[in-house]
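Here is the structure we will look at, set down as structure tokens.
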Amino acid sequence: MEHAKQTFSLKKAWRYFLITYEVCWNLFLLFLIFALCAVCFGVGLGAGYFASLVKDMPIPSYQEMKKDVYDYEETTHIYFANNVYLGSFRTDLEREEVKLEDISPYVIQAIIATEDEYFYEHYGVVPKAIIRALFQEITNSSTQTGGSTLTQQLVKNQILTNEVSFERKAKEILLALRLEKFLSKKEILEAYLNVVPFGRNSSGRNIAGIQAAAQGVFGVNAKDLNLAQAAFLAGLPQSPFVYTPFTSDGNVKQDLSLALQRMHTVLKRMKQAGYISEKQYQEALQYDIAKHFAPPKPSPFEQYPWLTMEIEKRAKEALAEVLAKKDGYEKQQLWQNASLYERYLAKAEKQLRQNGYHIYTTIDKNIYDRMQKVAANYPYYGNDIIQYVKDQQTGKMVAKREPVEVGAILIENKTGRIISFVGGRNYKRQQLNHATQAYRSNGSTMKPLLVYAPAMEMGVIQPGSIIQDTELHIKVGKRYYTPKNADGKTHGFVSVRRALQYSYNIPAVRTYMQIMNKHPVTYLHKMGITSVTKEEEKHVALAIGGTTKGVTVEENVNAYATFANYGTFIDAYLIEKIVSKDGQVIYQHQSKPVPVFSPQTSYLMIDMMRDVIRHGTASSIPAYLKFQADWAGKTGTGQSNRDSWFVATNPNVTFGVWIGYDIPAPLQSTYKGLSYSKRTQLLWAQLMNAAYDVKPQLIAPKTRFNMPGGIVRRTYCTAPEHAPSDVCKKAGFTSDLYNAKFAPNQ
């Protein structure tokens, strides 16, 4: 009986078990079907959402993607003459392109171990990493492990933006998959290592790309990085400005713990991936990273502010003309249309800051350096003065200390190459380049350019022509203009040669009055002095430098080189050529000589200006110079002694100096025993001596100016033209050089 009861109980339990099993199995099947449906629905929904995010995105071609990937900013480099490196073009980001084979293997291993361990296995994306990152985003997890491969990061940096959105992420995934079809793993890795940001260098400037990082952080090339250095740099891209060891002013951060922890993480992952051994790992941990940081390097702008600014300005202008010409615009059209010119200047500037060009200039580094030192240490400029100027913000008059400023420029005659210049005394005080941008009255240095050379070219005068140096009153409107000589005296009848030698103003004005209706300003325009307008011709004071706007030191000196070139003007230039990073010459300077004066007029002008240095207003020059050369020059003084000039030329070079206050004010008549004219001449000579020390053959040629044919020597009467013979006998006779075309026949 008891046995029967047990048997019945077992059967009943078994039946319950089977029922429970069938219910559970059916529930499981229902749950599985529901889960599969949910997954399919989720996948479908996700795919649909993904498709909706990228449906409007144009699919780029291979060429378009390749262009975008390799279109990264690269630093432009600047050179002195003879390929002497100056530095990099000013930019917000420094970057140097480098080939993968020129990168240390440690860097490649560190980047892959840290940023993308499945780099060589995936096809652009890692699904589980994306799912993990998506889950973290949905749950707002504080721990973000990231889901981007190197390919995705390259796409984000070069093709898309850093915008945080699902749409951008979807596009990134699609483009990463597409990019992997077009580019090899080597190409992707190389591009990534050239674009990824690495924070700041030891000078505080932003850097990107492994070569700029290696140079900027450790002072070595990317191929020479050791294991510890490679690991340190490989850790930076995750958060460049958190881990970078330098502040914005180039100082080493006091706390490097975060960066070092990141480096240790990189080394650990490299060991886990089998790239390095335990021994290498321990040795790298012991490496003193901070001890091997690169010292700060001053930028070219910090070392050479006037020069780099001038190079940038001229390089932009040169490249703007090239770009405009490609689009069918001529140089003249560009200059005449201000908005068009500004557009191409902006385009040129962008290319220069991004395209990795090489800019070669005409500046001789050693001469330039020597001249800056002389100008900085010259003790005879004169005292500072206090000027009262209106404050632009408050409108009140405020006191401003003004030192005597300087501008100087050295030009090679035959080529027009600007060999050196002095832009001023202190760039931080005044950013104006006094050699190339400051317009001032050129005083009596105007006389050869506007008066005597044009008058000789026209046959109106010759060196032996006699001019009346007596009081002169010229009616100008309701007033009279009365020019005065610098010494306050008149000298009766003087030759043109003597009038120039001692810089008499009255004879120059009288001569100008004879030619002013023949448009002598045209000669200035041919010599590059365009700031003097034709409307100014009617003002007789123009003959002695009374200009409305003034001229720059460069313009004045460049015009004087015309005489050294026997009447041919060759425009001065500073940019020799601009070359692309692949070696293509984008811009090459080409001189366009302009005939201005005959060789006879030019030589006669040179010969008269020799006397200015021998016995005239610049007679101090030979004693100040440490060398000899066939110099011909002219002094100049602005109205009320506000400007002091000396410009001189020899068969090789032309050099000029200006001194004065930025806010025009009279120079001190005497300072430390020297007049303002002698102070200018002494500075000119000291700058020339400095250049001579560097290149004596250039500065002091052994050749002299050769007299061209068509010049004769004639005896002339020192009395006025057409004077009776007995007056001539009493006044006396002398001889001088003449253009045979205009030589006297009586």
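The values are calculated or read from the model by the stated rules, or taken from the named source; none is laboratory data. Predicted model, so just to flag it, every value in this text is computed and none were measured. Heads up, the Cβs are rebuilt from the backbone with ideal geometry, glycines too, and the neighbour counts pull from every protein chain shown.
Things to note:
- Enumerated strands (runs of 3 or more DSSP E) restricted to the range 571-670, each holding at least 1 residues that are closer than 23 Å to Leu524 by Cα and either of a type outside the set (Asp, Glu) or outside the structural domain of Gln462 (by TED's automatic domain parsing) (or both): 632-637, 643-649, 653-661
- Number of the exception - Ala455 against (1) part of a loop (DSSP other than H, G, I, E, B); (2) surrounded by fewer than 24 Cβ atoms within 10 Å (Cβ to Cβ); (3) among the small types (Gly, Ala, Ser): (1)
- From the options Ala259, Ala230, residue that is of a type in the set (A, V, I, L, M, F, W, C) and under 28 Å from Glu180 (Cα atoms): Ala230
- Qualifying positions in the range 472-499 - out of contact with any Phe, Trp or Tyr (no Cβ under 6 Å at 6 or more places or on another chain), surrounded by 16 or more Cβ atoms within 10 Å (Cβ to Cβ) and either under 16 Å from Lys634 (Cβ atoms) or at pLDDT below 90 (or both): Ala486, Val496, Arg497, Arg498, Ala499
- Residue within the range 343-350 that is in contact with a helix residue (DSSP H, G or I) (Cβ under 6 Å, 6 or more places away or on another chain), of a type in the set (A, V, I, L, M, F, W, C), at pLDDT 90 or above and closer than 19 Å to Ser580 by Cα present: yes
- Within the range 202-256, restricting attention to residues that are out of contact with any helix residue (DSSP H, G or I) (no Cβ under 6 Å at 6 or more places or on another chain) and of a type in the set (Phe, Trp, Tyr), the residue that is modelled with the lowest pLDDT is Phe241.
To keep it simple, each residue is scored yes or no on (1) within 19 Å of Ala618 (Cα to Cα); (2) touching a Lys or Arg at 6+ places or on another chain (Cβ under 9 Å); (3) assigned to a loop (DSSP other than H, G, I, E, B); (4) free of Cβ contacts under 8 Å to residues at least 24 places away in the same chain.
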site: Leu500; (1), (2), (3), (4): yes, yes, no, no
site: Met516; (1), (2), (3), (4): no, yes, no, no
site: Thr522; (1), (2), (3), (4): no, yes, no, yes
site: Glu537; (1), (2), (3), (4): no, no, no, yes
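- The number of residues in the range 195-226 being assigned to a helix (DSSP H, G or I) and closer than 15 Å to Asp102 by Cα comes to 9.
- Check on Pro296, within 14 Å of Gly87 (Cβ to Cβ), in contact with a strand residue (DSSP E or B) (Cβ under 6 Å, 6 or more places away or on another chain) and not hydrophobic (A, V, I, L, M, F, W, C): no
- Scan of the range 189-210 for residues that are within 17 Å of Ala231 (Cβ to Cβ) and polar (S, T, N, Q), ordered by number: none
- Filtered residues of the range 300-313 (kept if out of contact with any helix residue (DSSP H, G or I) (no Cβ under 8 Å at 6 or more places or on another chain) and surrounded by fewer than 18 Cβ atoms within 10 Å (Cβ to Cβ)): Glu302, Gln303, Lys313
- Considering residues of the range 98-145 that are in contact with a Phe, Trp or Tyr (Cβ under 8 Å, 6 or more places away or on another chain) and part of a loop (DSSP other than H, G, I, E, B) only, the residue modelled with the lowest pLDDT: Ser141
- From Ala208, Ala170, Ala231, Ala191, residue being of a type in the set (Gly, Ala, Ser) and under 24 Å from Pro298 (Cα atoms): Ala208
- In the range 673-685, the qualifying residues are those that are under 38 Å from the mean Cα position of the chain (by Cα) and either among the aliphatic types (A, V, I, L, M) or surrounded by fewer than 17 Cβ atoms within 10 Å (Cβ to Cβ) (or both), and the one that is farthest from Tyr380 (Cα to Cα) is Ala685.
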